[in-house]
Each structure stands twice: as C-alpha cells, then as structure tokens.
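Q: The following block contains the structure, expressed as structure tokens.
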Amino acid sequence: MNRRQFLGTAASVGGALVLSAGPGATDAPSQRMRGSEAAAFHGRRRYASTSFGNIAYVERGSGDAALFLHGFPLNGFQWRGALERLSPYRRCIAPDFLGLGFTQVAEGQPVGPDDQVAMLGAFLDRLGIASVDVVASDSGGAVAQLLLARHPERVRTLLLANGDTAIESPPPAMLPVIELAKHGRFVDEWLAPWWENPTLARSAEGIGGMCYANGTHPTDDTVDLYFGPLLSTVRRSALANAYAAALARNPLADVETTLRRSHAPVRVVWGMADTIFSAANADYLDRAFGGSRGVRRLDGAKLFWPEEQPDVIAHEARALWNAWAPLAVTR
C-alpha cells in the first residue's frame, strides 16, 4: 500500500465543517490495523467542527470532563489504556492536536503551541464543556501549562508526565528533529522508514528505543495509527513538520510567574530513564506550581511511559481528582 494513500483524501477539510458521529469513509484504518485494538479505538473517533478545522477525538464515560493531551508525533491513541480505566469516573476526552493524528486542519491554520491552546478552547466550547481535569505528556504538557496559565478557569487539576518545561523547551534531543522539520524533511526521513518497517521503529535507533522501556513497543498497529495519517498526503506531512518546527521557540518562557500563582492541584509523575527530557525538570515543575502535590518518580520509565503504564496514570489521576473535590466545595 502506498503510504500516501493511507487515508486517501482525509486531509482535505473541503466543504462545510460538521460534527461527525464517527470517522468518514476516507478515514478507514489500513489493512494492517483491521481487527486490532488500534482499529477499535479508531472506530470511536468523532469530529468536532471548529474554525480551526475538524478536531478528531475519542470520548468515553460521562460526568465531569477530563482532557488527555498527547505527545509528538503521537495522537489520542496514546491514552487508550487510561481512558479505559478512568471512564467510570470521568467523561474522558482525547483529542488529536492540530497537525497530528486524524484532525483535519483548516486551510492556512498554524499549528504551534499557542494555536493548540486556542483550538482547545474552541473545541471545549463546541462540546459544551466549561472546565476539565487535564492529563498531559511530552509537548502536550507544554500546551497544558499554557492552558492553565491563560485560562485558569478551565483547568481544575493538572497531571503532568515527562515533557516540556520552561527550563527545557525544546530539549537538546529535539534539536535535530526541529532542524529537519524546518526544511520539510523530518516526516519523510524519520517517520516514513519507521512506518514502513515497524521492527526498525522498535529498535534502539527507532522511536521504541528512544521513548519506550518495553522492547515490544510500539506494536505494528500502533506504528500504523501514529504515523500512517502523517504520511497519507503531502499536506499532512507538511503540517506534522510544521508542528515540530514550531517547537523551536520556548512557549513557556513567560508563564512561570502565572503558574506559580495558580492554586490548581498539580501532580508530576516522571519517568527517570527518559533520554529526551532530563530528570531536573521534575523538580522544577514541583517548584513552579503554586498548587503542586509533589512528584512521583518511576524508575526505568522512558518518555512515553503513560502508554505503557496506564495503571499509574489511572491511580494518580483519581488521587488528584479526589484531592480537588473538597476545594471545590469551599470556593
């Protein structure tokens, strides 16, 4: 199968933006995914129309909303295990960022961190949601911090895994990615070989060795669901490159004072074997938030540990949500 035929014309926003009950015919999973956990998750995807484009998301559960923000170059599938475990307690929503996953970006729409924050505001408005508990990883963590700084009324609690901070955004390990992306080369030179050869993706030189502790991750289906859409059309590849290139500027440089004044409960859980973001970031985050509930350190865990250890996410999220509950009564 030609990698640029993965989704056919799915990248085209064309016509009126609508709220869809599920993926369109052109968003069908590839042959590789059919019958898999990835295909089942993909089958739950809906699309919310906003001025930013059709925002792809998966939703499970009911009640107060929890928003799950994924890393780069992943999509909402990163949170499948967490959604399964936490949907009895929250309306769990995992959107795909602009430029990643299956979100259909409006023509001319930028995809930098500030744009992601604005998109999330419109997305939550479209779904009729006033405030959320946020769970975030990697570059999604930067977006989560910006959301808390600029729209504190929308964030009840924040659970942060490894990711960007004001003292390390971007981390040195991301600089080659950003440089390639600026020249429109990252997707074709890094992601395409991994998509075409999932064994390479799991190797020490691939995303598996860099970001996962378990040598069987990411699975073939996961590789397909993460990278397939980004390779499906020239435009989608360009948007994914634009997402990476936009990470060159530290988006958190001017929000430290605002975050320190915040009283929203914040919990940090950090994988200590991460080779992308240094362990010093965990202590920094503990100091940076006025409402910090401390740091939990996970020995042997790498950047994308939330995908590998959803039980930890579920445990920490429920503890944090329960910590917020009495505060809500007294406010």
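Q: Could you look through the range 182-193, keep only residues that are outside any helix (DSSP H, G or I) and touching a residue at least 12 places away in the same chain (Cβ under 8 Å), and pick out the one that is farthest from Asn241 (Cα to Cα)?
A: The qualifying residue farthest from Asn241 (Cα to Cα) is Arg185.
Q: Are there any pairs with C-beta distances below 6 angstrom linking a residue in the range 257-282 that is closer than 16 Å to Leu146 by Cα to a residue that is hydroxyl-bearing (Ser, Thr, Tyr) and at pLDDT 95 or above, with the two at least 6 apart or on different chains, and if so which?
A: Note: pairs meeting the criteria are Pro265/Thr157; Val266/Ser292.
Q: Hey, can you tell me all the residues within the range 34-49 that are touching a Gly at 6+ places or on another chain (Cβ under 9 Å) and surrounded by fewer than 22 Cβ atoms within 10 Å (Cβ to Cβ)?
A: Once the filter is applied, which keeps residues that are touching a Gly at 6+ places or on another chain (Cβ under 9 Å) and surrounded by fewer than 22 Cβ atoms within 10 Å (Cβ to Cβ), the range 34-49 yields Gly43, Arg44, Arg46.
Q: Does His183 satisfy the condition of being surrounded by fewer than 24 Cβ atoms within 10 Å (Cβ to Cβ) and more than 19 Å from the chain's Cα centre (by Cα)?
A: yes
Each row is one residue, and each column tells you yes or no for (1) buried (at least 20 other Cβ atoms within 10 Å of the Cβ); (2) among the hydrophobic types (A, V, I, L, M, F, W, C); (3) modelled with pLDDT under 95; (4) assigned to a helix (DSSP H, G or I).
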{"site": "Arg267", "(1), (2), (3), (4)": "yes, no, no, no"}
{"site": "Ala273", "(1), (2), (3), (4)": "no, yes, no, no"}
{"site": "Ile276", "(1), (2), (3), (4)": "yes, yes, no, no"}
{"site": "Asn281", "(1), (2), (3), (4)": "yes, no, no, yes"}
{"site": "Gly294", "(1), (2), (3), (4)": "no, no, no, no"}
{"site": "Ala301", "(1), (2), (3), (4)": "yes, yes, no, no"}
{"site": "Trp324", "(1), (2), (3), (4)": "no, yes, yes, yes"}
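Q: Residue pairs, Cβ under 7 Å, 6 or more apart or interchain, first in the range 306-330 and closer than 13 Å to Tyr89 by Cβ, second in a helix (DSSP H, G or I) and at pLDDT below 95. List them.
A: Listed by first residue and then by second, the contacts come to nothing, as the list is empty.
Q: Sticking with this one: Need the failing condition index for Ser278 against (1) farther than 17 Å from Ser169 by Cα; (2) within 20 Å of the chain's Cα centre (by Cα); (3) small (Gly, Ala, Ser), just the number.
A: Only one criterion in (1) farther than 17 Å from Ser169 by Cα; (2) within 20 Å of the chain's Cα centre (by Cα); (3) small (Gly, Ala, Ser) is unmet by Ser278, namely (1).
Q: Take the range 238-258 and flag every residue that is surrounded by fewer than 22 Cβ atoms within 10 Å (Cβ to Cβ) and of a type outside the set (A, V, I, L, M).
A: Across the range 238-258, the qualifying residues are Arg249, Asn250, Asp254, Glu256, Thr257, Thr258.
Q: So Thr199 fits all but one of (1) among the polar types (S, T, N, Q); (2) free of Cβ contacts under 8 Å to residues at least 60 places away in the same chain; (3) in contact with a strand residue (DSSP E or B) (Cβ under 8 Å, 6 or more places away or on another chain); what number is the exception?
A: Evaluating Thr199 over (1) among the polar types (S, T, N, Q); (2) free of Cβ contacts under 8 Å to residues at least 60 places away in the same chain; (3) in contact with a strand residue (DSSP E or B) (Cβ under 8 Å, 6 or more places away or on another chain) leaves (3) as the failure.
Q: Hey, can you tell me all the residues within the range 50-72 that are touching a residue at least 40 places away in the same chain (Cβ under 8 Å) and at positive phi?
A: Within the range 50-72, Gly53 is the sole residue that qualifies.
Q: Same structure, new question: Quick one: Glu307 ticks every box in (1) within 19 Å of Arg85 (Cβ to Cβ); (2) in contact with a His (Cβ under 9 Å, 6 or more places away or on another chain); (3) of a type outside the set (A, V, I, L, M); (4) not in a helix (DSSP H, G or I) except a single one, so which number is it?
A: Against the list (1) within 19 Å of Arg85 (Cβ to Cβ); (2) in contact with a His (Cβ under 9 Å, 6 or more places away or on another chain); (3) of a type outside the set (A, V, I, L, M); (4) not in a helix (DSSP H, G or I), Glu307 comes up short only on (4).
Q: Here is a follow-up. Can you tell me which of (1) in a strand (DSSP E or B); (2) over 27 Å from Gln309 (Cα atoms); (3) of a type outside the set (A, V, I, L, M) is the one Glu179 doesn't meet?
A: (1)
Q: While we're on this one: Would you mind telling me which numbered condition in (1) farther than 28 Å from Val234 by Cβ; (2) touching a strand residue (DSSP E or B) at 6+ places or on another chain (Cβ under 7 Å) Ala142 fails?
A: Failed condition: (1).
Q: Kindly evaluate Pro306 against the criterion of being over 29 Å from Gln109 (Cα atoms) and in contact with a strand residue (DSSP E or B) (Cβ under 7 Å, 6 or more places away or on another chain).
A: Yes; evaluated as a whole, the condition is true for this residue.
Q: Let me ask you something else. Restricting to the range 73-93, and then to whatever is in contact with a strand residue (DSSP E or B) (Cβ under 6 Å, 6 or more places away or on another chain) and buried (at least 24 other Cβ atoms within 10 Å of the Cβ), can you tell me which residue is farthest from Trp321 (Cα to Cα)?
A: Checked the range 73-93; the qualifying residue farthest from Trp321 (Cα to Cα) is Gly76.
The values are calculated or read from the model by the stated rules, or taken from the named source; none is laboratory data. Quick caveat, the model's predicted, so the values are computed rather than measured. For neighbour counting, all protein chains shown are included, and Cβ atoms are generated from backbone atoms with ideal geometry for every residue, glycine included.
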